[in-house]
Amino acid sequence: MTNALENIDEFKATLRSCAGCALLELDKLDEALKEHKLDYDISKDQENSDGIARALDNIGRTYARKKEYDQAVKFWEQRIPMKKTTLESAWLYHELGRCCLELDRYNDAIEYGEKSLSAAVEAEDENWRINSSVLIAQAQVKLSNDVKALESFNEALELAKSLDDKAVQDAINKAIDDIKFRMEKGESGTDEGARKSSDQKNDLDGDTENKREESPEPNYTPPPSDEESEQEPDSENADDKSPQQSPTASDNNDSEPARKDSGQLEDSKSKEANDEKLNSNTNSDESASANKNSAEAPADEEGNDSESDKPVKLTVR
């Protein structure tokens, strides 16, 4: 009976965790936090270490989404002794470092970033090596140490090239260009320069199944290639030439003799029919002649309606 109750409590804790994650996705942060704390309480009562670790993860994530970074650090630091894999360590130290960066604790951010980098190297995970290197670089910029920041950014850039990640390469290159520009202008370490470097963080972080937070994709529009530039004038010339290539007028002129021959043939047939009619009824010459004229008149009108340029002249005998 005791085992059954323990299983029920474990099920309840898992259910609270699932509800909290769903509410977090719906951006209902306060409700999500309540569910995750219930998960923590139930798991703690049952001394379920896996449930406690899960709840601490999610409570930290929720506080980070609420931008209450000090609370996120508080719960995530409790999570450190429970880490089991190097990849888990890379994620946890990175998230702690990001919170410290937001709290202006730049030295702590570098320390956590270096721990994350060490774990990522051990785990042979290139993505987390990029994330941790960028975190370290951002903290170094905040401390006005642009030389070391360039080294960290360049390390991340080489890793992005090895992964053929163009978007990340563009974001890192922009951060490097910003640092070099400030160094040339003697503005290294200014608040504006630090802000620009911090903006690059949003282009490099992501929240996937490995528990990273969501971030916007890089806002990068590549310039048109040389081939596209060369093709544009050709397209315009093609549009300009299109009216000249239209064969409408010439087609009408070439078909004029054919329409005239057709009209003459129709008139000849009409005449033969009238002649037969005259031979069959010799006493009604005047009436037949009137019928002939009335029959030929619509033919003229029909010819006029079918012409787009000139009316077809019928030869009447």
Somewhere in region 105-112, is a residue basic (Lys, Arg), open to solvent by 70 Å² or more (accessible area, probe 1.4 Å), over 23 Å from ALA137 (Cβ atoms) and not in a helix (DSSP H, G or I)? no
Residue check, SER133 against (1) surrounded by 18 or more Cβ atoms within 10 Å (Cβ to Cβ); (2) hydroxyl-bearing (Ser, Thr, Tyr); (3) closer than 16 Å to ARG105 by Cα, all met but one. Which one? (3)
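The values are calculated or read from the model by the stated rules, or taken from the named source; none is laboratory data. None of the values given here were measured: they were computed from a predicted structure. Don't worry about glycine lacking a Cβ; one is built from the backbone with ideal geometry, like all the others, and counts go over all protein chains shown. Side chains are part of the model used for accessible areas, which takes the heavy atoms of the whole protein and leaves out ligands, DNA and RNA. Shrake-Rupley method; radii C 1.70, N 1.55, O 1.52, S 1.80 Å.
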